[in-house]
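Asker: Have a look at this one before I ask anything.
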Amino acid sequence: MSTFLYRLGKSAYSKPWYFLLPWIVILGVIGALLGANGIHSSSEMKIEGTESQKVLDMLAEELPAAAGGQASVAFTAPDGERLDTPQRVALILKAINEVYSMDYIINPAELAAKAAAGQTAAADSSAAAGQAGAAGQTAGQTDAAGQAVPYGPLFAEGVPVPGVMLSADGSIALFQFQFTVQQTSLPASVPDNVIKAVSEAEQGGSGITAIPSDSLKSTPSIGSTEAIGVAVAAVVLFITLGSVVAAGLPLITALLGVAISVGGAFALSNIIQMNDITPILAVMIGLAVGIDYSLFIVNRQRRLILDEQLSAHEAAGRALGTAGSAVFFAGLTVIIALCGMLVIGIGFLSTMALVAAASVLITVLLALTLLPALLGLVGERICTSKARTKNETSGKKTLNGFSHRWARATVKYRWIIIIAVIVVLATAAIPVTKMELGIPSGASANLDTPARQSYDIISKGFGEGFNGPLLLVAEAKKDSGKISPQTLGKLVQELQMHDNVTLVAPMGFNETGDLAIISLIPKTGPTDTKTRDLVQDLRDPGSSFASANNVTLGVTGFTAINIDMSSKLSEAFPMYIGIIVILSLIILLLVFRSVIVPVKATVGFVLSILATFGLTTAVYQWGWLHSLFGFDTGGPLLSFMPILVTGILYGLAMDYQVFLVSSMREAYVHGRRGNESVIHGYDLASRVVLAAGVIMVSVFAGFIFAPDAMIKQIGFALAFGILIDAFIVRMTLVPAIMAVFGDKAWWLPKWLDRLLPNLDVEGDKLIAKLHAESGDKS
């Protein structure tokens, strides 16, 4: 591998346009495909086989109108005023009628009229019944449990406005409506048109404020804070490499890699369904690994020029043969870790993993082909005359800097450091035991966002449960035939008696009468553990609700879908950790030809990941230091974040393991023994590993301040995960443990040594061959 990369590097250097033009053509083709196909993405995170998805699939077949998604808009009046004045009611009614006239929106009045005229089946009018059901009670009345109802319908000229409820004090109106399809299948223009329509009620000095629900929010986007991370990376590159030219090459390579990988994903988005977060994730990983991988190669070339007095041409070939080999295997490790997610069998997560893996693959290919071509264009200017003069006057690098002193300190105080690191990371991991997974809702959005304002307004006027309604499907058991209206009424009354139920409204039957739809509003919010317990109670086949009425109850809706998704992903997480541990042991065994090094590296990674999730739980679930990280309220962690972050962090952690420990192995192979090989290898690799860690943390940290809560959590976990793994585990714990084992760290049974292929990550075979050729010529 190292010999092949050496030849590739020299070829690209001497004939740069042969390697540059293909990438330019690829970028042009992707641009053309984007222009022809457009960009398609959705917020869908569907997991086949879950209880809620089974119910949705059944509804799509039996009752298509009831299978559509729901949304809401809250209208508020100024403090101390009411909405039910003639002028305000007229404005609200006009806005609502405009919404009902849109495509993809179910108009309950039209369906009810058609049903009354016998033009549609009862199934089609179920949507109208459901939306009107909750508003059918008047404030001051009592529900089936004997509790006062704090809301009622909004009247327009004595007639209830379809789908609208008014709070008891008249200051808040809640407009609930249903789409003909799930939100994830809607054209992007539909939510925008709904928001535009309801906003018209605010005009003319009416005092009305229209606040759309979280389900009408826009797609997560990349903002200006991410650019700060790139700017920090540029500064670090300049400090590390010493010139603007050298610092610019990793940035150019990374940005081109992001353009090709993300552009390519969008170009295929009309064929492959892609989640909104997927391209942002590809940007995160593409920028981070793109800059780091190029940095390793450029830094190696510069060291060969300055320390070995090689030409830029020869140094580029050797840099690719040595550092390029490490980049190849580091990238391969990340790709394997990401593709390991496919074993879990969750569609949207598999797509995320494949797009991220493709981003890393493109980054590696660019680093091994485009970067040496760019080095060829730059030529000898990669090292400034100032750097050359400084190097000549000072001689070769002396090992007496901070990194050398740090390495000696970690070796000298190894047991204290090992114990201290384990205690610190174990303490940081404690909150993991209380980690709760879910999909962040409006309850945890920032106070100044429409999603949070809508959530709080609805909670104030009607209760938290109205932010997460449940859709129940009662199916008659095979031996009972149809569900009678009397049975449905009895079931509704029994459900209303549950401690955690605010409102139950029947939504009608299917054409054959053996399936009934019910809308249920919990008292607790969509991410509350009591809501999860309620869903489990309702699904229990032995519950009194099901057995007493001879039916089977299914539960779906956005809240139930999120509950099922979190449960499924929680179950899959231990299995994925097991996959990662096995992969880690195998890959590192091949790379380092050692038994102890893979075990040590894997244990270190487990400590890193547990500490990372502990800190993420403390900050984003418990709300610690929330103002520092730009959010207002804690909530559950993103359900797929642990699996996603584990895969990414494992791959990136092994990057630092490869670059740092391979340098120690190189020192050992070249004759240094015991602690001296650890110190020498650490000193040679630490500067570039430190720079790479700072760059990666900076890039990921830029996403912490993104407006979307899900992006914030992923950015935080990746930034702090790299911070912990690169600086605490790899650069502090690793040299201490290596010092404990000494030369025994490289022990490998002879039978295993014969079986394992020699990957030559350090490029020893290449260097020996070049030295031999040099000796022959002389």
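Asker: Would you pull out the residues with amide H under 5 Å of LEU503's amide H, same chain only if 5 or more places away, H placed 1.01 Å from N?
Answerer: Under 5 Å from the amide H of LEU503: ILE521.
Asker: Run the accessible area of the chain with a 1.4 Å probe and give the carbon-and-sulfur part as a rounded percent. Can you show the working numbers first?
Answerer: Working: 19280 of 31400 Å².
That share works out to 61 percent.
Asker: While we're looking at this one, here's another question. Can you pull out the trypsin sites (Lys or Arg not before Pro) in the stretch 446-547 that DSSP calls coil and that have at most 15 other Cβ atoms within 10 Å?
Answerer: LYS477, LYS478, LYS482
Asker: Further question: What is the magnitude of the charge dipole of the stretch 67-110 about its Cα centre, with +1 placed on the Cβ of each Lys and Arg, -1 on the Cβ of each Asp and Glu, and no other charges, expressed in debye to the nearest 20?
Answerer: 60 debye
Asker: Let me ask another. Hey, which of these cross-link pairs are over 29 Å Cα-Cα: LYS10/LYS390; LYS600/LYS765; LYS434/LYS600; LYS390/LYS744; LYS434/LYS568?
Answerer: Numbers: LYS10/LYS390 27 Å; LYS600/LYS765 27 Å; LYS434/LYS600 27 Å; LYS390/LYS744 39 Å; LYS434/LYS568 18 Å.
Pairs exceeding the cut-off: LYS390/LYS744.
Asker: Counting only residues 5 or more places away or on other chains, whose amide H sits under 5 Å from the amide H of HIS498 once H atoms are built in the peptide plane?
Answerer: For HIS498, no residues qualify.
Asker: Moving to a separate point now. What does the highest-first list of 344-353, 568-577 look like by mean Cβ count within 10 Å?
Answerer: Listed from highest to lowest mean packing, they are 344-353, 568-577.
Asker: Rolling a 1.4 angstrom probe over the protein heavy atoms, how many square angstrom per residue are accessible across the stretch 307-359? Could the numbers behind the result be given before it?
Answerer: Values: 1350 Å² over 53 residues.
Heavy-atom accessible area per residue stands at 25 Å².
Asker: Taking a ≥ b ≥ c as the square roots of the eigenvalues of the Cα gyration tensor of the stretch 66-105, is the shape rounded (a/c under 1.5), prolate (a/b larger than b/c) or oblate?
Answerer: On the way: a/c = 4.12, a/b = 1.91, b/c = 2.16.
Because a/c hits 1.5 or more and a/b fails to exceed b/c, the stretch 66-105 counts as oblate.
Asker: Here's another thing I want to ask about it. Would you kindly derive the ³J(HN,Hα) couplings of the stretch 254-267 from the backbone phi angles with the Karplus curve 6.51 cos²θ - 1.76 cosθ + 1.60 (θ = phi - 60°), listing them in order in whole Hz, with x for Gly and Pro?
Answerer: Per-residue couplings from phi come out as 5, 5, 5, x, 5, 4, 6, 5, 6, x, x, 5, 5, 5 Hz.
Asker: Further question: For the chain, with only Lys/Arg (+1) and Asp/Glu (-1) charged at the beta-carbon, what is the dipole magnitude about the Cα centre, in debye rounded to 20? Provide the component values of the computation, followed by the final result.
Answerer: On the way: 51 positive and 58 negative charges, 848 e Å.
Dipole of the chain, to the nearest 20 debye: 4080 debye.
Asker: While we're looking at this one, here's another question. For the stretch 588-703, what is the accessible area per residue in Å², given a 1.4 Å probe and the full set of protein chains? The partial results should precede the final answer.
Answerer: Values: 2980 Å² over 116 residues.
Averaged over the residues of the stretch 588-703, the accessible area is 26 Å².
Asker: Using a Cα-Cα cut-off of under 20 Å, which aspartates and glutamates could be cross-linked to LYS490, ignoring same-chain neighbours fewer than 8 residues away?
Answerer: By straight Cα distance, LYS490 reaches ASP143, GLU475, ASP479, ASP499, ASP514, ASP537, ASP540.
Asker: So, one more: From the Cα gyration tensor of the stretch 270-380, with a ≥ b ≥ c the square roots of its eigenvalues, which class applies: rounded if a/c is under 1.5, or else prolate if a/b is larger than b/c, or else oblate? Could you put the intermediate results ahead of the total?
Answerer: On the way: a/c = 3.66, a/b = 2.59, b/c = 1.41.
Taking the square roots of the gyration eigenvalues as a ≥ b ≥ c, the stretch 270-380 is prolate.
Asker: Which of TYR656, PRO636, VAL697 sits farthest toward the positive end of the charge dipole of the stretch 629-698, with +1 on the Cβ of Lys and Arg and -1 on the Cβ of Asp and Glu?
Answerer: Checking the options against the dipole of the stretch 629-698, the answer is TYR656.
Asker: Quick one: compute a quarter of the convex hull surface over the Cα atoms of the stretch 316-388 and quote it in nm². List each step's numbers first, then the result.
Answerer: Details: hull surface 23.4 nm².
Computing the convex hull of the Cα atoms and averaging its projections yields 5.8 nm².
Asker: Taking the Cβ of THR633 as the centre, find all other residues whose Cβ is under 11 Å away and add up their charges (Lys, Arg: +1; Asp, Glu: -1).
Answerer: Working: positive: ARG452; negative: ASP456, ASP632.
Cβ neighbours under 11 Å give a net charge of -1.
Asker: What aspartates and glutamates does LYS460 reach when the alpha-carbon gap must be under 15 Å and sequence neighbours fewer than 8 apart in one chain are set aside?
Answerer: Candidates past the 8-residue exclusion: ASP79, ASP169.
Asker: Ignoring ligands, DNA and RNA, what accessible area per residue does the stretch 483-535 give at 1.4 Å, in Å²? Kindly include the intermediate steps, with their values, before the conclusion.
Answerer: On the way: 2080 Å² over 53 residues.
On a per-residue basis, 39 Å².
Asker: If I model the chain as equal point scatterers sitting on the Cα atoms and use the Debye formula, what is log10 I(q)/I(0) at q = 0.05, 0.11 Å⁻¹?
Answerer: -0.33, -1.13
Asker: Of VAL581, ILE291, LEU304, which is farthest on the positive side of the dipole of the chain, counting Cα position, with +1 on Lys and Arg Cβ, -1 on Asp and Glu Cβ, and the Cα centre as origin?
Answerer: Ranked along the dipole, the leading option is LEU304.
Asker: Nearest 500 deg cm²/dmol is fine: what mean residue ellipticity at 222 nm does the chain get from its DSSP H runs of n ≥ 4 alone, each adding -39,500 (n - 2.57), divided by its residue count? Walk me through the intermediate numbers first.
Answerer: Numbers: 28 runs with 456 residues, N = 778.
Roughly -19500 deg cm²/dmol at 222 nm, from the helical runs in the chain.
Asker: Quick check: from the Cα gyration tensor, does the stretch 265-318 come out rounded (a/c under 1.5), prolate or oblate?
Answerer: Working: a/c = 8.19, a/b = 3.42, b/c = 2.40.
Prolate, because a/c is 1.5 or more and a/b exceeds b/c.
Asker: List the residues whose amide H sits under 5 Å from the amide H of ASP514, counting only those 5 or more places along or on another chain, with H placed 1.01 Å from N in the peptide plane.
Answerer: Amide H to amide H, under 5 Å and 5 or more residues apart or across chains, ASP514 pairs with ILE483.
Asker: Tell me, what does the Kirkwood hydrodynamic radius of the stretch 225-307 come to in angstroms if you use every pair of distinct C-alpha atoms? Intermediate values should be presented prior to the final figure.
Answerer: Working: mean 1/r = 0.0723 Å⁻¹.
Hydrodynamic radius (Kirkwood, Cα only) of the stretch 225-307 equals 13.8 Å.
The values are calculated or read from the model by the stated rules, or taken from the named source; none is laboratory data. All values derive from a computational prediction rather than experimental measurement. Because the Cβ atoms are built from the backbone with ideal geometry, glycine has one as well, and the counts that use them run over all protein chains shown. These accessible areas exclude ligands, DNA and RNA; they are computed on the full protein's heavy atoms, side chains included. Shrake-Rupley method; radii C 1.70, N 1.55, O 1.52, S 1.80 Å.
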